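To keep things clear, I will list the structure first and then write my remarks on it.
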Amino acid sequence: MTSERSPSPLHTHKTSFGSYHFYEHFVVGEWTDDHVSAEQVKTLRELFDEYFKGAPYGYIGNRVNPHSVDVAEVRKVLKGAENLKEIAFVTYTPMGQSVAYIEKAFYDSHNLHVFQTLEEALEWMTQAMQPHC
């Protein structure tokens, strides 16, 4: 880990199901709903596509609130997200980390990384997006 300061969000967008913090080349999402639906993911994909205007971007799911995910349905939505290049989840409990690794097996259209701190995920995402931008 480097000693560089973590980047700051440029914009925050709130929905009825979470807050989404936009950085130059990625988004950090914090869900507030107990369940993530394919329709919510589709709404976010459209929001992200509009914000990034066709440029490559990454997504960090900062799992400060536990929630369930219909992985099969979300996977269908993500297959059409051509500009989404990197995905990371930040989990804060051993159970959350186990769940994230199970989910990782289902996200075959995108490479998913799991971290234990937001700082690690931000640092990794900043570096990972460099070749795409």
Val28 is checked against (1) part of a helix (DSSP H, G or I); (2) open to solvent by less than 30 Å² (accessible area, probe 1.4 Å); (3) not acidic (Asp, Glu) and fails just one. What number does that condition carry? (1)
Assuming Asp34 fulfils every condition listed in (1) surrounded by fewer than 20 Cβ atoms within 10 Å (Cβ to Cβ); (2) touching a residue at least 12 places away in the same chain (Cβ under 8 Å); (3) farther than 21 Å from Lys14 by Cα; (4) of a type in the set (Asp, Glu) apart from one, which condition is it? (3)
Within the stretch 78-108, residues being of a type in the set (D, E, K, R) and farther than 18 Å from Trp124 by Cβ number 3
Do the conditions hold for Ser6, that is, is it among the small types (Gly, Ala, Ser), surrounded by fewer than 19 Cβ atoms within 10 Å (Cβ to Cβ) and part of a strand (DSSP E or B)? no
Which of the residues that make up the stretch 58-88 are under 16 Å from His25 (Cα atoms) and either of a type in the set (Phe, Trp, Tyr) or over 11 Å from the mean Cα position of the chain (by Cα) (or both)? Tyr59, Ala81, Glu82, Asn83
Does Gly61 satisfy the condition of being outside any helix (DSSP H, G or I), open to solvent by 20 Å² or more (accessible area, probe 1.4 Å) and closer than 24 Å to His13 by Cβ? no
Could we say that Leu47 is surrounded by fewer than 17 Cβ atoms within 10 Å (Cβ to Cβ) and either part of a helix (DSSP H, G or I) or touching a Cys at 6+ places or on another chain (Cβ under 7 Å) (or both) here? yes
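The values are calculated or read from the model by the stated rules, or taken from the named source; none is laboratory data. On a predicted model such as this, the values are computed, not experimentally measured, just so you know. Cβ: placed from backbone, ideal geometry, glycine included. Neighbour counts: every protein chain shown. The area values use the complete protein model at the heavy-atom level, side chains included, leaving out ligands, DNA and RNA. Shrake-Rupley method; radii C 1.70, N 1.55, O 1.52, S 1.80 Å.
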